[in-house]
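Colleague: This is the structure, below, for whatever I ask next.
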Amino acid sequence: MQGHPKGAGPLYHRGHAIPHTLGGATDINLVPQLGKINIGPFRPLEKQAVATPGSLYFTYWTYFGAARTRDGYQGQTPTGVDQGLLVVGQSPRIERLGN
């Protein structure tokens, strides 16, 4: 997976859409993610998901507004992410973050 996803610049990490601690792999699970998001506001919800067996953790990446390339595909860098956690008996917790 070396070189995937393509580098998006020095401010970005090859972040995991689903963290290793929740079973995320190092394949298509890698996303160009702002470092300040990856090691900042992303962490608390990931940790809560790990600490809550039976919960459903998810991320939903948005790519609208990305520049088109010569072959017609949009860029690999998402413009934002919804990060969520569903726990039985609790209100859904969804964080909307820019990227």
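The values are calculated or read from the model by the stated rules, or taken from the named source; none is laboratory data. Quick caveat: nothing in here was measured; it's all calculated off a predicted structure. A quick note on method: Cβ atoms are made from the backbone with ideal geometry, for glycine too, and the neighbour counts reach across all protein chains shown. These accessible areas exclude ligands, DNA and RNA; they are computed on the full protein's heavy atoms, side chains included. Shrake-Rupley method; radii C 1.70, N 1.55, O 1.52, S 1.80 Å.
Colleague: Working with all protein chains in place, sort 88, 81, 50 by solvent-accessible area computed with a 1.4 Å probe, largest first.
Modeller: Working: 88 140, 81 5, 50 70 Å².
Final ranking, largest accessible area leading: 88, 50, 81.
Colleague: Would you mind computing, in nm to one decimal, how far apart the modelled labels at residue 94 and residue 52 are, each placed 7 Å from Cα along Cα→Cβ?
Modeller: For the pair residue 94/residue 52, the computed spacing is 1.5 nm.
Colleague: Enumerate the calculated ³J(HN,Hα) couplings along region 30-42 in order (Karplus 6.51 cos²θ - 1.76 cosθ + 1.60, θ = phi - 60°), each rounded to whole Hz, writing x wherever the residue is Gly or Pro.
Modeller: Whole-Hz 3J(HN,Hα) from phi for region 30-42: 8, 9, x, 10, 3, x, 5, 7, 4, 9, x, x, 6.
Colleague: Under a 1.4 angstrom probe, counting protein chains only, how are 94, 18 ranked by accessible area, largest first? Don't skip to the answer; put the middle values down first.
Modeller: Numbers: 94 100, 18 50 Å².
From most exposed to least exposed: 94, 18.
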